[in-house]
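The structure appears below as structure tokens.
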Amino acid sequence: MGNVLMRPVLGIESSCDETAAAVLDDEGRVLAESVASQEAAHAPYGGVVPEIAARAHLALLPDLVRGVMARAGLEFDALGGVAASAGPGLIGGLIVGSQMAKGIALARRLPYVAVNHLEAHALTARLPGLVEGGAPFPYLLLLVSGGHCQCVAVEGVGRHVRLGGTVDDAAGEAFDKVAKLLGLGWPGGPALEKLAAGGDPARYDFPRPMLGRVGCDFSFSGLKTAVAQVVGRLGEGALPAAVAADVAASFQRAVAEVLADRAAHAMAMMRARAPEARLLVVAGGVAANGTIRAALREAAEQVGFTLVAPPVRLCTDNAVMVAWAGIEHLRLGLVDGLDFSPRPRWPLEGAEIGR
Ligand code: KG4
Ligand code: ZN
């Protein structure tokens, strides 16, 4: 059976500090998309301030939505549905995005989809153009962002099994905290990667938490503490640039090795569940890191998996993935009621069909 023809879908993302909207056609082609980062608003506080985020979403979203609709050349009546991230995330922003989606759906009598943000990351690999013919289920997802760090067996739309995750910090959080120690500002990941490029990754022998441990859980707080101790020992105030670069490179290598090891374990677990599984998909802001991508690619190839690393703009929070998750749900006839309440906590395994 071919896909039932569907009209374009509007997606809205507002779960953290990116305000985003996108319109995709029924085959997943992007007709228009827009992401407004609130980075500058939160940077003075060294992290995302929920109340500032919610207000910024409220201020930015109406024009963003109007803008993508105009660029897609569509009136709301031409849509086949509206999808918005409904969790997990910061409740203020989730309410803003969900209410906007519901308002449009109600006014134009359109189907509404409450998207699990983690599922949107998970389904990104199935967008046309990334894997020829679209990534087939099942595949392994490694989600590594500022808020999430987990391995998930993606077995179908609404069918996810969490294989392991962090017992303390997320990988992105570790990057942000170490960047702060090095005086790099927030968010720290991109700045730290840049600094590390000129450093010696073998200079400091930082711990590799969980390396070799059974399963695929992660831990990053011990590594962060070890870096803090070394930075403390190196003296007061700003480190010489060359020393900071060595710390950054050594830390980055430790994270890359841990992620590669955990991914290797997760791939073995995935094989045991589904011998036909061949793909390791990475998502989340940390997947933008070149050293980490290279380490994961090598780990995947060693066991006959292929790494699928979407372009960075699709790894970090965006609305293309939300619209796409909406399309995948609508294709299966999965529509949500307008009484669906946004969920600050919404584990992927609770996102089953028929919730
Ligand atoms: O997925 P994302 O945009 O937002 C969520 O956390 O949901 O991920 C942001 C995180 C931040 O912790 C940021 O420091 C990290 O991803 N990050 C990176 C890089 N770019 C972003 N970490 C390491 N290397 C990078 N190039
Ligand atoms: Zn995200």
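The values are calculated or read from the model by the stated rules, or taken from the named source; none is laboratory data. As the structure is a computational prediction, the values presented were derived from the model and not from experiment. As a convention, Cβ positions derive from the backbone with ideal geometry for all residues, glycine included, and neighbour counts pool all protein chains shown. Calculation scope for accessible area: heavy atoms of the full protein, side chains included, ligands and nucleic acids excluded. Shrake-Rupley method; radii C 1.70, N 1.55, O 1.52, S 1.80 Å.
Largest first, how would 306, 316 line up by accessible area (1.4 Å probe)?
Values: 306 75, 316 50 Å².
The most accessible residue leads, giving 306, 316.
Could you order 224, 194, 102 so the one with the most accessible surface comes first? Probe is 1.4 Å.
Values: 224 45, 194 170, 102 25 Å².
Accessible-area ranking of 224, 194, 102, largest first: 194, 224, 102.
Remark: accessible surface ordering of 61, 195 (largest first) is 195, 61, probe radius 1.4 Å.
For the chain, what is the percent of antiparallel DSSP beta bridges, rounded to the nearest 5? So the antiparallel bridges in the chain amount to around 60 percent.
Quick note on segment 95-155: its Rg to Rh ratio, both from C-alpha atoms and Rh being the Kirkwood radius, is 1.09. Of all lysines in the structure, the ones whose alpha carbon falls short of 27 Å from that of residue 177, not counting any fewer than 8 places away in one chain, are 194, 224.
Rg ratio for segment 233-310: its Cα radius of gyration over 2.2 N^0.38 Å, N being its residue count, equals 1.39. The figure for residue 203 is an accessible area of roughly 130 square angstrom, using a 1.4 Å probe on the protein chains alone.
Please compute the net charge surrounding residue 130, taking Lys and Arg as +1 and Asp and Glu as -1 over other residues with Cβ under 13 Å from its Cβ. Net charge around residue 130: +2. Computed over the chain, the percent of Cα pairs more than 26 Å apart is 49. The convex hull drawn around the Cα atoms of segment 206-355, when projected onto a plane and averaged over every direction, covers 12.4 nm².
With axes computed from alpha carbons, what is the tilt in degrees of helix 50-72 against the longest principal axis of the chain, rounded to the nearest 10 within 0 to 90? So the helix axis and the longest Cα principal axis differ by about 50 degrees.
Relative to the Cα centre, what is the charge dipole magnitude of segment 1-47, using +1 at the beta carbon of each Lys and Arg, -1 at the beta carbon of each Asp and Glu, and rounding to the nearest 20 debye? All intermediate terms of the calculation are to be shown ahead of the outcome.
On the way: 2 positive and 8 negative charges, 25 e Å.
The calculated dipole for segment 1-47 is roughly 120 debye.
Among residues other than residue 27 with Cβ under 15 Å from its Cβ, the summed charge is 0 (Lys and Arg +1, Asp and Glu -1). Taking every alpha-carbon pair within segment 213-263, the share separated by more than 18 Å comes to 39 percent. In segment 72-214 the Cα-Cα distances spread across 5 Å bins starting at 0 as 2, 8, 11, 14, 15, 16, 13, 10, 6, 3, 2, 1, 0 percent of all pairs.
How large a share of the accessible area of the chain, in percent, is made up of carbon and sulfur atoms when the probe is 1.4 Å and the other protein chains stay in place? Please list the in-between numbers first.
Details: 8000 of 14650 Å².
The C+S portion of the solvent-accessible surface of the chain is 55 percent.
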